[in-house]
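> Quick one: this structure, given as C-alpha cells, is what I'll be asking you about.
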Amino acid sequence: MKKVIAVLAACMMLFSSAKADTYYCYADEVNIRKTASTKYDRLGYMFFGQPIEVDYFKGDWAYSSTIRTEEVGGWVYALWLSPYEPELVDNEKYVVNSRRVNVREAPNGRQIKRVGEGHVMTVIKLAADNKGEWWAKTTEGWIMLKFLDKE
C-alpha cells in the first residue's frame, strides 16, 4: 500500500509541475468545448490573437485548464492554434510572386481558387500555422506568405 501511495504522489508531482505551453488562436473564432469532440455543444469562443495555455493535446484537440467552461477547463480544435503570435495588418497590398498559387479557405484548407504572378492582394492578417508556416489572410482567402511580396 505504501508503494502505491508513493507512486501516486510521484505522479501527482510530475503532472503538477508540468508547464503548459502558450499558443495563439489564428482563426477569427474557435469553439471551446467541454470534450474533444464536435458532437457536444459549444461552451464559449476563442478569438484571433487570443493566447491559451495548452496543458496537453489529444489528437487534433488541445486541452487548457485555464480556459474555463462552466467548472472545468476546455477543449479547442488544435489546428487553429499556433505557437507564434499572429498579427493584424492594415489592408496592405501584396503581389503574388509565383506563376500559380492556391488561395485557400483556411491555412492548409480547401483550395477556392488560383492566382498567378503579378496578382495584387489585400492582406488583413498574418499568422503561422501549427507547423510554423506563415500565411496571409487576404480579402480573397488564405495564401502562403512565401508566395507574396509587399507592393
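> Within the set of pairs 6 or more residues apart or between chains, which connect a residue that is under 14 Å from GLU151 (Cβ atoms) and polar (S, T, N, Q) inside the stretch 110-128 to a residue that is open to solvent by 60 Å² or more (accessible area, probe 1.4 Å) and part of a loop (DSSP other than H, G, I, E, B) with Cβ atoms less than 6 Å apart?
Within 6 Å, the pairs are THR122/THR139.
> Looking at this structure, is LYS19 at negative phi and at pLDDT 95 or above? Show your work before the answer.
Working: at negative phi: yes; at pLDDT 95 or above: no.
When the stated conditions are applied, LYS19 does not pass them.
> Considering only residues that are over 10 Å from PRO86 (Cα atoms), in a strand (DSSP E or B) and either open to solvent by less than 20 Å² (accessible area, probe 1.4 Å) or among the acidic types (Asp, Glu) (or both), which ones fall in the stretch 120-135? Before the answer, list the steps.
From the stretch 120-135, those over 10 Å from PRO86 (Cα atoms) are 120-124, 130-133; that's our starting set.
So of that shortlist, the ones also in a strand (DSSP E or B) come out as 120-124.
Matches in the stretch 120-135: MET121, VAL123.
> Restricting to the stretch 97-111, name every residue that is more than 20 Å from the chain's Cα centre (by Cα) and open to solvent by less than 80 Å² (accessible area, probe 1.4 Å).
Within the stretch 97-111, ASN97, SER98, VAL101, ASN102 meet the criteria.
> Just the residues that are within 19 Å of PHE47 (Cα to Cα), of a type in the set (Asp, Glu) and outside any strand (DSSP E or B), please, taken from the stretch 84-119.
Matches in the stretch 84-119: GLU85, GLU105.
Yes/no matrix, rows are residues, columns are (1) open to solvent by 60 Å² or more (accessible area, probe 1.4 Å); (2) β-branched (Val, Ile, Thr); (3) modelled with pLDDT under 95:
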| site | (1), (2), (3) |
| --- | --- |
| ARG33 | no, no, yes |
| ALA36 | no, no, yes |
| LYS39 | yes, no, yes |
| LEU43 | yes, no, yes |
| ILE52 | no, yes, yes |
| ILE67 | no, yes, yes |
| GLU70 | yes, no, yes |
| GLU85 | yes, no, yes |
| VAL95 | no, yes, no |
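The values are calculated or read from the model by the stated rules, or taken from the named source; none is laboratory data. These numbers come from a predicted model, not from an experiment. Please note: Cβ atoms are built from the backbone with ideal geometry, for glycine as well, and neighbour counts cover all protein chains shown. Surface accessibility is based on the protein's heavy atoms, side chains included, excluding ligands, DNA and RNA. Shrake-Rupley method; radii C 1.70, N 1.55, O 1.52, S 1.80 Å.
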